[in-house]
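*Asks:* Mind looking over this structure? Questions follow.
Read-outs throughout are calculated quantities, based only on the coordinates presented, and are distinct from any laboratory measurement. All values derive from a computational prediction rather than experimental measurement. Glycine also receives a Cβ, built like all others from the backbone with ideal geometry; neighbour counts cover every protein chain displayed.
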Amino acid sequence: MSADDHRVTPPRASATFDAHAIAEIQRAAATGIYDIRGFGAKRKLPHFDDLLFLGASISRYPLEGYRERCGTDVTLGSRHAKKPITLQIPVTIAGMSFGSLSAPAKEALGRGASLAGTSTTTGDGGMTAEERAHSKTLVYQVLPSRYGMEPDQLRKADAIEIVVGQGAKPGGGGMLLGQKISKRVADMRTLPEGIDQRSPCRHPDWTGPDDLEIKIHELREITDWEKPIYVKVGAARPYYDTALAVKAGADVVVLDGMQGGTAATQDVFIEHVGIPTLAAIRPAVQALSDLDMHRKVQLIVSGGIRNGADVAKALALGADAVSIGTAALIALGDNDPRFEEEYRKLGTTAGSYDDWHEGRDPAGITTQDPELTKRLDPVAAGRRLANYLSVLTLEAQTIARACGKSHLHNLEPEDLVALTVESAAMAQVPLAGTNWIPGKT
Amino acid sequence: MDAALASRNSVLDLAQMSLREVNQLLHDNRSGDFLIRNPRGAHALACGLDGDLNVSIDGHVGYYCAGMNKRAHVTVNGNAGTGLAENMMSGLVHVTGDASQSAGATGCGGLLVIDGNASARCGIALRGLDIVVKGSVGHMSAFMAQAGSLVVLGDTGDAFGDSLYEAKLFVRGTVKSLGADCIEKEMRDEHKAALRQLLDAAGVKADVPEFKRYGSARKLYHFHVDNAGQY
């Protein structure tokens, strides 16, 4: 018998029915319910990694990396607010609720943001004393649920953000399951303790762009026109949503791509609704430009920002600032390998933990369990966040200087090329080595 | 008009002053009686008040009149647009005519009295405010209402009390249909006493036994796939 007689066809996995798809079918068949999880889209998407900066050359000269200044400040809310806010860096902390996060985590976000000279943001459930006390600049969210909404908190805030949607679930409301509805969380939201809290997806007192304009007017009147008013949308129809937000009177548009995180939503929602951050920026900037509002109404982009290159690329495409949520939690200590043993007990591993809705976070961040929350030292975690924000800024400055820019806002699409046809089309920059912009040239 | 010059019984004429000037003056005064003339359907009128003010508005108002009111007593001698007294915290808001959609939305405290009818979503996401509607209310009223009370002397539209939490609902007329997880409940003595108090506060002479009480069945407080068809 020859060796060839023993050859058999090796097992071949299906590209369509891959291991994850098969496991999900089996899980659905066993439980009868969809998967709920935190985090943002995990599938491979066109992203900032598909773009490259060109850097300076004979036709452009760079700035000295350690000698010449590259500005990073950004002013938000200059369109209508009497008191616009100025941040030292163009990286803000996205809205995340007390409830989804522990009190020490909210405090740590405020501490870290304040050390770095930027803002943090409330979430469903209103403002906690801890986050106000530790956040030099605090943005107060007005969400569809209005949980915890109080006029005194509006007045204590430095800016107001009307949340229409978020990138992880455009068209969906918040979700906070009973495990995390502690007495304090329940009291803040005027809900019975321990129930599953499913926030509405629409605002209770306005239903369209014309109403939104009047709603913004009311908030301005209540706060005597002092506060910048942001409008946050999940990336779906960025051109029209941006244009309508501007028309409604927003000072700032916050645009959250589908990689943006959530505390809890159906996996099918996270992975299949909305568009990638990369695809959303240029249409939003185009809307601002068409209305002669680019740089007058500021654009904050979020969803999948990880490093200074992402920051620089978002700004080069026309954003005025970026916002981070998932990355901020990781900087605080989420998914830290030192908790690997506990992650394994939860059926996951460090780096993949996304069951933030279950309230069993070993790092003490996405939980209300009193013992687990004690694990997070808000001072040390805040320091880590500040370090991370500093690195994001330094990295973005490094790239900007290499492109010859004396301020991060001087980065422009002309500094970028794309590695793939898809990213070239989405970002509207040339495919590397060509002058071809799909759909444009 | 300078805030310092405002005195009790001030007349604020929106034909002569801007909305901004009127609201700023009301914000700058923590007490006093004010009469607002010529509102002409203005939006966001007398919103964000925080003080022992008595504000009377002669005419119809637009959206969000008395929004987020604290302590003040605001009377609208006319009809009110969408979002009347939205997120009200305390005090009294009284409308002598009808109110449009989402009256008292997310209200946290105080008393809202509507002499006429209220449109859809009256008392949506109520969080402690008490509302008395002497006429009827539109569909989806008291949707997701968490706390507080809604008293309706007339009839309700469809899906009354849908996805209700712990708010208490009292209806004298006909309920067109109940929303998910909302059921008729026994009117116990404490409910009768609470209703009597609300009717008295609103100046209503109706008899308590004429009302039925509705509340949450609490079956949907925890998501279970077996209940998916009820949403």
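*Asks:* Which of the peptides A:98-107, A:48-57 is most tightly packed, and how do the rest follow, going by the mean number of other Cβ atoms within 10 Å of each residue?
*Replies:* A:98-107, A:48-57
*Asks:* While we're on this one: If each residue's Cβ is checked for other Cβ atoms within 10 Å, how do A:137, A:207, A:367 rank with the fewest at the top?
*Replies:* A:207, A:137, A:367
*Asks:* Towards the positive end of the charge dipole of the protein assembly as shown, with charges on Cβ (+1 Lys, Arg; -1 Asp, Glu), say which of A:272, A:315, A:431 has the farthest Cα.
*Replies:* Sorting the options by dipole projection puts first A:315.
*Asks:* Give me the inter-chain shielding for B:23-33: mean count of other chain Cβ atoms within 10 Å, whole number please.
*Replies:* That works out to 1 on average.
*Asks:* Based on other C-beta atoms within 10 Å, arrange A:268, A:164 from fewest to most.
*Replies:* Going from sparsest to densest Cβ surroundings: A:268, A:164.
*Asks:* Same structure again: Only helical DSSP H runs with n ≥ 4 go in: add -39500 (n - 2.57) per run for chain B, normalise by residue count and round the 222 nm mean residue ellipticity to 500 deg cm²/dmol.
*Replies:* Computed ellipticity for chain B at 222 nm equals -3000 deg cm²/dmol.
*Asks:* Here is a further query. Could you tell me the calculated FRET efficiency between residue B:158 and residue A:69, based on Cβ-Cβ distance and R0 = 45 angstrom, to the nearest 0.05?
*Replies:* 0.10
*Asks:* Taking the beta-carbon count within 10 Å as an exposure proxy, list B:174, A:420 from fewest neighbours to most.
*Replies:* Listed from fewest to most nearby Cβ atoms, that is B:174, A:420.
*Asks:* Given points 7 Å out from each Cα along the Cα-Cβ axis, report the residue A:224 to residue A:2 separation in nanometres with one decimal.
*Replies:* Modelled inter-label distance: 9.4 nm.
*Asks:* Normalise the Debye intensity by I(0) for chain A, one equal point scatterer per Cα, no solvent, then take log10 at q = 0.07, 0.10, 0.12 Å⁻¹ and round to two decimals.
*Replies:* Result of the Debye calculation: -0.35, -0.70, -0.99.
*Asks:* Using the 2.2 N^0.38 Å rule of thumb for compact globular proteins, work out how region A:357-441 stacks up: its C-alpha Rg over that value, please.
*Replies:* That works out to 1.75 for region A:357-441.
*Asks:* On to the next question. Can you pull the mean other chain C-beta count within 10 Å for peptide B:91-102?
*Replies:* 1
*Asks:* Can you tell me the FRET efficiency between residue A:31 and residue B:31 if r is taken as the Cβ-Cβ distance and R0 is 45 Å, rounded to the nearest 0.05?
*Replies:* Step by step, r from the Cβ atoms, then E = 0.15.
*Asks:* Ok, one more. With +1 on each Lys and Arg Cβ and -1 on each Asp and Glu Cβ, and nothing else charged, work out how big the dipole of region A:36-410 is about its Cα centre, in Debye to the nearest 20.
*Replies:* 620
*Asks:* What whole number of Å gives the distance from the Cα centroid of region B:176-197 to the Cα centroid of region A:131-190?
*Replies:* Distance between centres, Cα-based: 31 Å.
*Asks:* What is the Cα radius of gyration of region A:347-400 over 2.2 N^0.38 Å, N being its residue count?
*Replies:* Normalised Rg, Cα atoms only: 1.48.
*Asks:* So for each of A:146-156, A:28-38, B:147-157 I average, over its residues, the number of other beta carbons within 10 Å; can you give me the resulting order with the highest mean first?
*Replies:* The densest-packed peptide leads the list: B:147-157, A:146-156, A:28-38.
*Asks:* In chain A, which whole DSSP H runs stretch at least 30 Å along their own axis (Cα) and average 0.0 or higher on the Kyte-Doolittle scale?
*Replies:* Qualifying helices: A:378-402.
*Asks:* For chain A, what does the helix formula give at 222 nm: sum of -39500 (n - 2.57) over DSSP H segments with n ≥ 4, over the residue count, nearest 500 deg cm²/dmol?
*Replies:* -10000 deg cm²/dmol
*Asks:* Moving on. So how do B:179-188, A:191-200 stack up, highest first, on mean other-Cβ count within 10 Å?
*Replies:* Result, highest mean Cβ count within 10 Å first: A:191-200, B:179-188.
*Asks:* Quick check: convex hull of the Cα atoms in region A:61-104, volume per residue, rounded to a whole Å³?
*Replies:* It comes to 174 Å³ per residue, whole-number rounded.
*Asks:* What's the center-to-center distance, using Cα atoms, between region A:198-216 and region A:62-97 in Å?
*Replies:* 29
*Asks:* Additional query: For the pairs A:227/A:247; A:169/A:374; A:83/B:70; A:106/A:232; A:44/A:247; A:136/A:180, note any where the Cα-Cα span goes beyond 29 Å.
*Replies:* With Cα atoms farther than 29 Å apart: A:169/A:374; A:44/A:247.
*Asks:* Using only atoms on other chains, find how many Cβ atoms lie within 10 Å of each Cβ of peptide B:81-87 and report the average.
*Replies:* 5
*Asks:* Answer rounded, prolate or oblate for chain B, using the Cα gyration tensor with square roots of eigenvalues a ≥ b ≥ c: rounded when a/c is under 1.5, else prolate when a/b is larger than b/c, else oblate.
*Replies:* prolate
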